[in-house]
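The values are calculated or read from the model by the stated rules, or taken from the named source; none is laboratory data. These figures come from a predicted structure and were not determined experimentally. Please note: Cβ atoms are built from the backbone with ideal geometry, for glycine as well, and neighbour counts cover all protein chains shown. Note: accessible area is taken over every heavy atom of the protein model, side chains too, but ligands, DNA and RNA are not part of it. Shrake-Rupley method; radii C 1.70, N 1.55, O 1.52, S 1.80 Å.
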Amino acid sequence: MLRSANIGVCDIREAAARERVASTTGNRPLFYFRFGVDQALPQERRTPVTPSSSSRYHRRRSSGSRDERYRSDVHTEAVQAALAKHKERKMAVPMPSKRRSLVVQTSMDAYTPPDTSSGSEDEGSVQGDSQGTPTSSQGSINMEHWISQAIHGSTTSTTSSSSTQSGGSGAAHRLADVMAQTHIENHSAPPDVTTYTSEPSIQVERPQGSTTSRAAPKYGNAELMETGDGVPVSSRVSAKIQQLVNTLKRPKRPPLREFFVDDFEELLEVQQPDPNQPKPEGAQMLAMRGEQLGVVTNWPPSLEAALQRWGTISPKAPCLTTMDTNGKPLYILTYGKLWTRSMKVAYNILHKLGTKQEPMVRPGDRVALVFPNNDPAAFMVAFYGCLLAEVVPVPIEVPLTRKVWDAGSQQIGFLLGSCGVTVALTSDACHKGLPKSPTGEIPQFKGWPKLLWFVTESKHLSKPPRDWFPHIKDANNDTAYIEYKTCKDGSVLGVTVTRSALLTHCQALTQACGYTEAETIVNVLDFKKDVGLWHGILTSVMNMMHVISIPYSLMKVNPLSWIQKVCQYKAKVACVKSRDMHWALVAHRDQRDINLSSLRMLIVADGANPWSISSCDAFLNVFQSKGLRQEVICPCASSPEALTVAIRRPTDDSNQPPGRGVLSMHGLTYGVIRVDSEEKLSVLTVQDVGLVMPGAIMCSVKPDGIPQLCRTDEIGELCVCAIATGTSYYGLSGMTKNTFEVFPMTSSGAPISEYPFIRTGLLGFIGPGGLVFVVGKMDGLMVVSGRRHNADDIVATALAVEPMKFVYRGRIAVFSVTVLHDERIVIVAEQRPDSTEEDSFQWMSRVLQAIDSIHQVGVYCLALVPANTLPKTPLGGIHLSETKQLFLEGSLHPCNVLMCPHTCVTNLPKPRQKQPEIGPASVMVGNLVSGKRIAQASGRDLGQIEDNDQARKFLFLSEVLQWRAQTTPDHILYTLLNCRGTIANSLTCVQLHKRAEKIAVMLMERGHLQDGDHVALVYPPGIDLIAAFYGCLYAGCVPITVRPPHPQNIATTLPTVKMIVEVSRSACLMTTQLICKLLRSREAAAAVDVRTWPPILDTDDLPKKRPAQIYKPSNPDTLAYLDFSVSTTGMLAGVKMSHAATSAFCRSIKLQCELYPSREVAICLDPYCGLGFVLWCLCSVYSGHQSILIPPSELETNPALWLLAVSQYKVRDTFCSYSVMELCTKGLGSQTESLKARGLDLSRVRTCVVVAEERPRIALTQSFSKLFKDLGLHPRAVSTSFGCRVNLAICLQPHRLWKLAEQGTSGPDPTTVYVDMRALRHDRVRLVERGSPHSLPLMESGKILPGVRIIIANPETKGPLGDSHLGEIWVHSAHNASGYFTIYGDESLQSDHFNSRLSFGDTQTVWARTGYLGFLRRTELTDANGERHDALYVVGALDEAMELRGMRYHPIDIETSVIRAHKSVTECAVFTWTNLLVVVVELDGSEQEALDLVPLVTNVVLEEHYLIVGVVVVVDIGVIPINSRGEKQRMHLRDGFLADQLDPIYVAYNM
């Protein structure tokens, strides 16, 4: 009875179920084998395969170009069932968004299918593959549009989360449906999807009818940007994020186990062993002995002797027939020719290279054999020539000519170098094809030793003398040849095979395969190594067989060529891979006259691959009607180290069907063999690879640790003890010992044999009847959370996901990468050019679901790359290690990426539970007991400083200016430089006074303003701004400086101007004529309502008269000016500065910086707010020093402007912003030499202060200092200041510590400390050594200003904290601002920020809260007056900090990690949205690199911060908004992202 694969899977299952029922009466078998399904089926079910029954398949698929029929039905159906199961639980996964330019639709005409030119490890594609797309009537395959039928199910379903599938998925489904139609009001806090919860998903209860929700009231331009609570549903982006949030709400994995978290050592979750995991229960296995190797009298004593025998007895017998690309015989090599030519090669190698005295090659030396895949004859002659000359051939691949070297070629070069190869034998055609230098020489390939290329064609060789004869010995233990092997990491090793092993292997194969003289064998395999070499070059000669060699170039044109040759030559044996069978199936329909009845053995070289069974079954199914017998198919298992491990013997008995194991995939992940139980989906069906080789002993040992024998129901690494194996890795004694000299132990620790065994690298077991089963390779093993998965199995599942029209069958790579102390599975496949984004995304989602259902493992990353772009091995397969390398370094350039860290990463540290706060009193007592001082510090006391400060006697700045105009009228206060560095304008004391008077008159007469009215000053940085400011003071008005709109960008900059003018309640607006026109222009009208501007005064046309009197305020506490600024969180905040605070501020700066009239200070800052405004407009009037003003905008045209000015004016003190410093570092990096030549000298600079409201940017200040050190800049000169809204400058100026002078400049910078970033997340400061893991450098923020007191307080309890504890910085000083200026009158906020008192300790002092976290640390350094110096370290703003997983993260830390992740990331900003971490990266590179960044960004944030990134957004350079101080505006960015205004290159939603 013919065995039919036509029986549906259900029948197989019924049979299996019946067997199970039968077996449960006795003891349950540990595994179950089907020896032929038919025996278990009722008679009438068996259908012989006739053309009519196979035509059912044709009806099932109309176009039929995909091989729906030729799939392991079990696996495909399992996958379909798994996907159907997911379909029931509808869950939407958002699809990534891509910029149009990235989605290039390739036309099919211009496209050539990928070159699977030759024997790749897996199944490739065929030319006929792209005709027609399959349509299928099976419901699970029909693809609806992805939006309407969103991908169903997340990617992970484990048994433990089954409770949520019933309770939660419905809710999530409803939520998704509701989301599609309504605006969910997030009044409660959004769910924290980043922590793992075990409760069912959040259920949204809604009455059935109400699908519309109440619209929330909106303010200002909230229509445009709505974030936070009002989630913009109109926007594409946020709907997708909401979809993602919904998907992630369902708990994925078992909840994280509870355990104690030490404050500092956040323990990563350790995977606890599953108590229900299957454990091996069988007895200890026994080693299996193969049959005895029969000693046949006429077997030759060595392979060379066999060649001599046939070459002289039967010189005319054909040895090898080669084919051209049309399938015509190209050349027939007879045994006579092989013998004479090999002798000729041997003679020439030994006698014609080098000189007689110094031959280049001696017996025992290694030579390389470099022959193309289409020239087996030349290879065979060269190989036997080497054997006759007693030199050792090392066959390798031809280096690809176009690229000079292909993936892995350098490693081959390394092998050649370590083998000491100096000569390469090659053919004429190959030699001509190698790249040449202009002189005609072959260049040395990268990583290769210098080689002499020697062509082996007869016409180039000398004839050996009559009396010369090769020395033919019996086989001994000399090395016969070296076969190369590529390891998992891409390194190449050489396996040495001795002459006796070579001969014994040929004998064992002859006996196992029953080879006889003059048989014909068709070989499709690579003849240079492995099965192709052993059968097609070596064993064939021992038995005088005739080999028909089919080159891959022919297989690509005609996949049926090998079958045609079997028919034509009536071949008895064929050596193929499962891919060749698969190709033949796809192409066989056109053939009528095929007859395979001559075949007695079809050797399947990769029969040990678990998924070759589908090709074998399908091939038999179709070709049974063409004379193919079931027992002819002989899978074999082999490895480079152990040669042939096992092979199925050809039998004449068609009644003994082959062995199969239907194994539980779940059991296999624990290394245990279990017959598949209830869960029919996750099974692996494996076929046996026959029996142990003749003369060999086999056992299996545990894959890890000492080589202990496995139990009978345990998977282990197969080990072989035989003569016919490799003996070592050439030149690597350590690795050789571990692989070739293994002594398996019994459980008692006794070795089972005195002879060493060899590890085969194959995982498997020995089943009933001594049949060997292989379930995978050690190289393909991935251990994820303690469970073992095989790369090949994952590939098989991915390939079983229909429809397959999106990816190429053979072009798929699976490997693992280590992220956060566990292996993570990555799948990379080549995408067909005609598949749409949605198709591909849908296929990817289905692959994730299938792998999750069948293997119960999450895929970390699935990437699709354009066709033909994965690195290839020389035979066209995918070069795995190279692919992995490209993935890790971000050079894979995928066109689609799907990351699933939320489902895979289950070992994150437990989210921090907030402990009940310890009361402030206890904290204080604790500090006192432990001897820690309370963290407080102050600048010098203003009252005790004796100085001859004349300005002190005046209460108001307007009085100081009048006094200076009288006493030193011609003293220059301000000098403004233009972009060429020349003076554009300057002001003396009297000029400023007179100009201010005229402006005051204008305000009173033309503006009709009263004292106390607010005036907006909209000026470019310059002199006009200063004059307008003092004009306002003279008129008694309150000035507000406003940055003018940018003429090229009115649409975005003008609304801010308008907002400040309105919020500050300005009664009038003063500006220049030019800006006046701009404010009323047509462009302005498009951006704002220009009719609502207050009166605009143009100060270019001033009245000539003086005011009757200059206004003098009645009280120093009245308002002097308003300072408006947009914070980094996007809040516009105006603070009130009184006259008293303004004067105190100027005095404090004068004392700190030692400013007096003879000094010059260079200022390159924006003069609109904060310390920048004070230095630009106020300080010179108070202190009398000359300010050299350099508008930062001028540096865009001339980056060297600021430094040249500092050098030219011999300035000792200068102030700049981070933006200016960055511009100089980036713009002048390569110009230091030319600047030196221009005479730029910075050696006089004593202080260069960066004015900032953030944590000091240590990397930037250090690179600036290093860069300009050559131009004389002292490394200690650069320092930072720190200010905020409540106090515009708290610290300023480096301390000039006397001790530094003696230390010289070589000592370490005293102001930098390293803290543990993990402790910081828990709000703790823990100092660590530089360079220790997780260390973060923090730089001190300058010296505290005179008159300023600082304390560190707990932001929640308001209690004082100890030294080196992280808390909020509170400040008390005479120049604190007196409150916010708002129209909302939010008094509670105001009192809290400006008038806070400690809850314990000194409860009388009134403090202002800065909103910044930091700590104080007392140092060993002393100040000028001998006091110990207290350093203030600013960590970051409370507003900016992100609460994730119960810990506090500062965006800058995550951003720094991301910027380091890839060379193309120039800038990065992060923010959270409903507890999802969103990372925006600016890409400096081609858009093709955008998707490379997604896995790298996800990896680095996981590794360094233990956070899962929810969304990765890749944008162009300059998209991340930055304010004038150079700070990132993360909230603006967030608003832009949610309103879909960023035009991102790519948005990836991590699942």
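At-a-glance table
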{"quantity": "Among the candidates 1094, 1047, 1113, 1039, residue that is out of contact with any strand residue (DSSP E or B) (no Cβ under 7 Å at 6 or more places or on another chain) and open to solvent by less than 60 Å² (accessible area, probe 1.4 Å)", "calculated": "1113"}
{"quantity": "From the options 518, 512, residue that is of a type in the set (Gly, Ala, Ser), touching a residue at least 24 places away in the same chain (Cβ under 8 Å) and in contact with a His (Cβ under 9 Å, 6 or more places away or on another chain)", "calculated": "518"}
{"quantity": "Odd one out for residue 1236 among (1) open to solvent by 10 Å² or more (accessible area, probe 1.4 Å); (2) farther than 30 Å from residue 1127 by Cα; (3) in a loop (DSSP other than H, G, I, E, B)", "calculated": "(3)"}
{"quantity": "Hits in the stretch 617-648 - residues which are among the charged types (D, E, K, R) and either part of a helix (DSSP H, G or I) or touching a strand residue (DSSP E or B) at 6+ places or on another chain (Cβ under 8 Å) (or both)", "calculated": "617, 626, 631, 641, 648"}
{"quantity": "Scope the stretch 1509-1524; condition farther than 12 Å from residue 1544 by Cβ and either crowded, with 24+ Cβ neighbours inside 10 Å or without any contact (Cβ under 8 Å) to a residue 40 or more places away in the chain (or both); matching residues", "calculated": "1509, 1510, 1518, 1521"}
{"quantity": "Enumeration of residues in the stretch 986-997 that are among the basic types (Lys, Arg) and open to solvent by less than 70 Å² (accessible area, probe 1.4 Å)", "calculated": "995"}
{"quantity": "Conditions (1) within 18 Å of residue 643 (Cα to Cα); (2) assigned to a loop (DSSP other than H, G, I, E, B); (3) in contact with a strand residue (DSSP E or B) (Cβ under 9 Å, 6 or more places away or on another chain); number of the one not met by residue 518", "calculated": "(1)"}
{"quantity": "In the stretch 673-723, the residues that are of a type in the set (D, E, K, R) and assigned to a strand (DSSP E or B)", "calculated": "688, 711, 714, 717"}
{"quantity": "Any hit, the stretch 1275-1298, residues being modelled with pLDDT of 85 or more, open to solvent by 30 Å² or more (accessible area, probe 1.4 Å) and either closer than 27 Å to residue 1170 by Cβ or not acidic (Asp, Glu) (or both)", "calculated": "yes"}
{"quantity": "Of all residues making up the stretch 1489-1530, the number that are under 30 Å from residue 912 (Cβ atoms) and either part of a loop (DSSP other than H, G, I, E, B) or among the basic types (Lys, Arg) (or both)", "calculated": "8"}
{"quantity": "Answer residue from the stretch 753-762, given it is of a type outside the set (Ser, Thr, Tyr) and out of contact with any Leu (no Cβ under 7 Å at 6 or more places or on another chain) and is surrounded by the fewest Cβ atoms within 10 Å (Cβ to Cβ) among those", "calculated": "754"}
{"quantity": "Residue check for residue 1535: open to solvent by 10 Å² or more (accessible area, probe 1.4 Å) and either more than 24 Å from residue 1252 (Cβ to Cβ) or part of a helix (DSSP H, G or I) (or both)", "calculated": "yes"}
{"quantity": "Qualifying residue in the stretch 962-975 (condition: part of a strand (DSSP E or B), out of contact with any Cys (no Cβ under 6 Å at 6 or more places or on another chain), closer than 15 Å to residue 1181 by Cα and free of Cβ contacts under 8 Å to residues at least 24 places away in the same chain)", "calculated": "no"}
{"quantity": "Residue check for residue 1261: more than 30 Å from residue 1121 (Cβ to Cβ), touching a residue at least 40 places away in the same chain (Cβ under 8 Å) and open to solvent by less than 10 Å² (accessible area, probe 1.4 Å)", "calculated": "yes"}
{"quantity": "Total residues in the stretch 648-679, condition surrounded by fewer than 19 Cβ atoms within 10 Å (Cβ to Cβ) and either aliphatic (A, V, I, L, M) or modelled with pLDDT under 80 (or both)", "calculated": "10"}
{"quantity": "Residue in the stretch 929-950 that is modelled with the lowest pLDDT, counting only those that are part of a loop (DSSP other than H, G, I, E, B), loosely packed, with under 10 Cβ neighbours inside 10 Å and of a type outside the set (Ser, Thr, Tyr)", "calculated": "931"}
{"quantity": "Number of positions in the stretch 808-821 that are within 15 Å of the chain's Cα centre (by Cα) and more than 13 Å from residue 780 (Cβ to Cβ)", "calculated": "4"}
{"quantity": "Test: residue in the stretch 463-483 that is within 18 Å of residue 368 (Cα to Cα), in a strand (DSSP E or B), touching a Pro at 6+ places or on another chain (Cβ under 7 Å) and at pLDDT 90 or above", "calculated": "yes"}
{"quantity": "Some residue of the stretch 900-917 being modelled with pLDDT under 70, at negative phi and either touching a helix residue (DSSP H, G or I) at 6+ places or on another chain (Cβ under 8 Å) or exposed (fewer than 12 other Cβ atoms within 10 Å of the Cβ) (or both)", "calculated": "yes"}
{"quantity": "Residue pairs meeting the criteria (Cβ under 7 Å; at least 6 apart or on separate chains; first of a type in the set (D, E, K, R), in the stretch 710-739; second open to solvent by 60 Å² or more (accessible area, probe 1.4 Å) and modelled with pLDDT under 95)", "calculated": "711/283; 711/284; 713/281"}
{"quantity": "Residue among 1460, 1428 that alone is open to solvent by 10 Å² or more (accessible area, probe 1.4 Å), within 24 Å of residue 1319 (Cα to Cα) and among the basic types (Lys, Arg)", "calculated": "1460"}
{"quantity": "Residue satisfying all of: in the stretch 766-810; at pLDDT 85 or above and of a type in the set (D, E, K, R); least open to solvent (accessible area, probe 1.4 Å) among these", "calculated": "793"}
{"quantity": "Filter result (free of Cβ contacts under 8 Å to residues at least 40 places away in the same chain and open to solvent by 10 Å² or more (accessible area, probe 1.4 Å)) within the stretch 817-829", "calculated": "818"}
{"quantity": "Close pairs (9 angstrom Cβ cut-off, 6 or more residues apart or separate chains): without any contact (Cβ under 8 Å) to a residue 24 or more places away in the chain in the stretch 1540-1551, outside any loop (DSSP other than H, G, I, E, B) and open to solvent by less than 10 Å² (accessible area, probe 1.4 Å) anywhere", "calculated": "none"}
{"quantity": "Sole exception among (1) part of a helix (DSSP H, G or I); (2) open to solvent by 20 Å² or more (accessible area, probe 1.4 Å); (3) modelled with pLDDT of 90 or more for residue 1054, by number", "calculated": "(2)"}
{"quantity": "Test result for residue 701, over 30 Å from residue 79 (Cα atoms) and crowded, with 18+ Cβ neighbours inside 10 Å", "calculated": "yes"}
